[in-house]
Amino acid sequence: DGAMSEELDLLISRYLDGHAILARPASLGYRLRREMARHPVALAVAWVVVAATIVGGALAVRRTRESVRDEERRREVEAQLDIAGQRLSVAEGLQYGDGASLARVWEEAEKAVSPLEKALALDPRHARANALMGRTMALRGRGEDAIRHFTAALDVEPRLASARLGRGRILLARFHAQ
């Protein structure tokens, strides 16, 4: 009986001191709780590292998605500008080339408007899109709209020669008309 009471006293004192009971193996939960109680600072640091890793990963995924979306938008803008540029070249060729009627030039220039509107809807500050729209509006005889688009292009790219030249031509024509 004495040995049993000593063993029971030992088990109770180990339990009260937060040590494993020898009668059974320490469970994983018990061992984790014990280590967390013994090392609270290390536990806090581990939680901070885990939280930072999760937040950093989420931000990286978000930025990657934004980059992919931006690249897709850029490609779509460029595709629309290529279409508009080809249509505008035809209209300008008619204007300066074989003496086509003004109505025919306007008709061809109008074909450039839709892809330019799509490009500007995707990126309203795109310098080349605004410059091409300015050229298109100038061909259509819409000087105010042309100046507005040339100016928008120059706000983004002040040295864009096509926008400077286009705006200058319209302003010079106005001066001579006065």
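The values are calculated or read from the model by the stated rules, or taken from the named source; none is laboratory data. Bear in mind the structure is a predicted one, so any value in this text is a computation, not a measurement. Surface accessibility is based on the protein's heavy atoms, side chains included, excluding ligands, DNA and RNA. Shrake-Rupley method; radii C 1.70, N 1.55, O 1.52, S 1.80 Å.
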_Portion, in percent, of the accessible area of the range 24-156 that falls on carbon or sulfur, probe 1.4 Å_ = 60
_Angle check, please: helix 2-16 long axis (alpha carbons) against the longest principal axis of the chain (alpha carbons), in degrees 0 to 90, nearest 10._
20
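Kirkwood Rh, the chain, all Cα pairs: how many Å?
22.4
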*Could you rank Met36, Met4, Met137 by how accessible they are, 1.4 Å probe, largest area first?*
Met4, Met36, Met137
*Got a number for the accessible area of Asp9? Probe 1.4 Å, square angstrom, nearest 10.*
100
*How much accessible area per residue does the range 36-121 have, in Å², with a 1.4 Å probe?*
69
*Calculated log₁₀ intensity ratio I(q)/I(0) where the Debye formula runs over C-alpha points of the range 1-106, q = 0.10, 0.15 Å⁻¹*: -0.66, -0.87
*Return a whole-number percent for the relative contact order of the range 44-152, with Cα pairs under 8 Å and 6 or more residues apart as the contact set.*
22
_For Arg31, what accessible surface area do you get with a 1.4 Å probe? Give it in Å², rounded to 10._
110
*asked:* Can you give me the solvent accessible area of His176 with a 1.4 Å probe, rounded to the nearest 10 Å²?
replied: 130
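Once you wrap a convex hull around the alpha carbon atoms of the range 115-157, what is its projected area averaged over all directions, in nm²? Before the final figure, lay out the partial values.
Values: hull surface 9.8 nm².
It is 2.5 nm².
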_Theoretical ellipticity at 222 nm over the chain - DSSP helices of four or more residues, -39500 (n - 2.57) apiece, nearest 500_ = -29000 deg cm²/dmol
